[in-house]
Amino acid sequence: MTRWRKVAVFSYTGKFARHNNKHMSEMPQTSDAFVTRPPSKALRRPVQRRVTPRFETQTMPYQWRDAVPNDRFAHLVKDATRSFQRSLQLRLCEHDVPFGHWSFLRVLWEQDGITQKRLSDEVGVMEPTTFAAVKAMEARGWLERRHLADNRKNMYVFLTDAGRALKAKLLPLAEQVNCVGVMGISPEDIATARRVLLAIIAQLKRDSTADENPPDH
């Protein structure tokens with residue numbers, strides 16, 4: 001026969017509740033003793049999180065450069081791209097423009113009135129990503145989507161007056177970031193770096209399309 005006993009309730013804080021009627025609960029007990037055990041100390045121990053000092057974060061790229069002096073070119077290009085993006089992102093935030101919208105705006109400033117599919121191809125992202133960005137920019141009043149009279153199948157993206165006005169405000173920010181990035185570098189070295197990067201882009205593009213266009217034998 002099940003009998004009822006009054007037992008102390010153990011709270012999540014690891015402290016026992018007071019042994020009085022207000023803080024006691026009745027629980028069904030069998031003939032075996034019912035023992036309430038506190039959680040282990042490991043569960044109650046606060047999580048220690050290490051915070052990287054600001055100076056350590058700033059010096060990390062230079063430490064990496066010294067540790068790996070012959071790092072692969074792809075890594076250097078990736079690090080340079082991230083640095084450019086970070087600098088531009090900081091400037092865009094001052095104008096309440098998400099960095100994720102920058103690439104779409106830059107394409108639309110040059111090719112207004114293109115389809116969402118074409119916009120995805122130009123930016124180099126998947127269509128769901130483009131759809132989400134376009135919807136967000138449409139809510140901000142920077143662009144609008146509509147069908148053409150002779151083509152009701154495709155959805156075309158057009159800048160509004162507010163979206164076109166952003167060009168004069170944001171484009172100088174990108175030019176400023178480029179100037180900061182090449183500050184102190186000679187024009188000859190900049191021209192050489194440009195030629196090298198364009199050659200790498202062309203060669204990797206041919207490599208990525210080699211399987212699509214096999215040579216004739």
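Which number in (1) closer than 28 Å to Arg82 by Cβ; (2) over 20 Å from the mean Cα position of the chain (by Cα); (3) part of a helix (DSSP H, G or I) marks the one condition that Met183 misses?
Result: Met183 passes all but (3).
Which residues, taken from segment 145-180, are under 17 Å from Lys135 (Cβ atoms) and open to solvent by 90 Å² or more (accessible area, probe 1.4 Å)?
Scanning segment 145-180 gives a single hit, Arg146.
Consider Ala202 carefully, then state whether it is open to solvent by less than 60 Å² (accessible area, probe 1.4 Å), more than 15 Å from His101 (Cβ to Cβ) and in a loop (DSSP other than H, G, I, E, B). Walk me through how you get there before you give the answer.
Values: open to solvent by less than 60 Å² (accessible area, probe 1.4 Å): yes; more than 15 Å from His101 (Cβ to Cβ): yes; in a loop (DSSP other than H, G, I, E, B): no.
No.
Looking at Arg194, is it farther than 28 Å from Cys93 by Cα, in contact with a Phe, Trp or Tyr (Cβ under 7 Å, 6 or more places away or on another chain) and either modelled with pLDDT under 95 or not polar (S, T, N, Q) (or both)?
The answer is no for Arg194.
Before we move on, is Glu144 acidic (Asp, Glu) and closer than 15 Å to Trp102 by Cβ? Outline the logic, then answer.
Values: acidic (Asp, Glu): yes; closer than 15 Å to Trp102 by Cβ: no.
No.
Can you tell me which residues in segment 90-149 are in contact with a Ser or Thr (Cβ under 7 Å, 6 or more places away or on another chain) and closer than 13 Å to Ala162 by Cβ?
Once the filter is applied, which keeps residues that are in contact with a Ser or Thr (Cβ under 7 Å, 6 or more places away or on another chain) and closer than 13 Å to Ala162 by Cβ, segment 90-149 yields Gly141, Trp142, Leu143, Glu144.
Determine, yes or no, whether Val123 is touching a residue at least 12 places away in the same chain (Cβ under 8 Å), farther than 25 Å from Leu204 by Cβ and open to solvent by less than 80 Å² (accessible area, probe 1.4 Å).
Considered against the rule, which asks whether it is touching a residue at least 12 places away in the same chain (Cβ under 8 Å), farther than 25 Å from Leu204 by Cβ and open to solvent by less than 80 Å² (accessible area, probe 1.4 Å), Val123 comes out as no.
Determine if segment 148-155 includes at least one residue that is out of contact with any His (no Cβ under 8 Å at 6 or more places or on another chain), in contact (Cβ under 8 Å) with a residue 24 or more places away in the chain and over 19 Å from Glu127 (Cβ atoms).
No, segment 148-155 has no match at all.
Yes or no, residue by residue, for (1) at pLDDT below 95; (2) within 22 Å of Arg91 (Cα to Cα); (3) not acidic (Asp, Glu):
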{"site": "Lys117", "(1), (2), (3)": "yes, no, yes"}
{"site": "Glu127", "(1), (2), (3)": "yes, no, no"}
{"site": "Leu148", "(1), (2), (3)": "yes, no, yes"}
{"site": "Asn151", "(1), (2), (3)": "yes, no, yes"}
{"site": "Leu170", "(1), (2), (3)": "no, yes, yes"}
{"site": "Gly184", "(1), (2), (3)": "no, yes, yes"}
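Mind checking whether some residue in segment 161-180 is touching a strand residue (DSSP E or B) at 6+ places or on another chain (Cβ under 6 Å) and under 18 Å from His101 (Cβ atoms)?
So far as segment 161-180 goes, yes, one or more of its residues are touching a strand residue (DSSP E or B) at 6+ places or on another chain (Cβ under 6 Å) and under 18 Å from His101 (Cβ atoms).
Search segment 75-86 for residues that are touching a residue at least 12 places away in the same chain (Cβ under 8 Å) and assigned to a helix (DSSP H, G or I) and pair each with any residue that is open to solvent by less than 60 Å² (accessible area, probe 1.4 Å) and of a type outside the set (A, V, I, L, M, F, W, C) when their beta-carbon atoms are under 8 Å apart and the residues are at least 6 apart or on different chains.
The qualifying pairs are Ala80/Gly181; Ser83/Gly181; Phe84/Gly181.
Residues are listed down the side, and each one gets a yes or a no for (1) within 22 Å of Phe73 (Cα to Cα); (2) part of a strand (DSSP E or B):
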{"residue": "Phe104", "(1), (2)": "no, no"}
{"residue": "Trp109", "(1), (2)": "no, no"}
{"residue": "Lys135", "(1), (2)": "no, no"}
{"residue": "Arg145", "(1), (2)": "no, yes"}
{"residue": "Leu166", "(1), (2)": "no, no"}
{"residue": "Ala193", "(1), (2)": "yes, no"}
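The values are calculated or read from the model by the stated rules, or taken from the named source; none is laboratory data. Not measured: the values here are computed from a predicted model. Ideal geometry is used to build each Cβ from the backbone, glycine not excepted, and the neighbour counts take in all protein chains shown. What goes into the accessible areas is simple: the full protein's heavy atoms, side chains included, and nothing from ligands, DNA or RNA. Shrake-Rupley method; radii C 1.70, N 1.55, O 1.52, S 1.80 Å.
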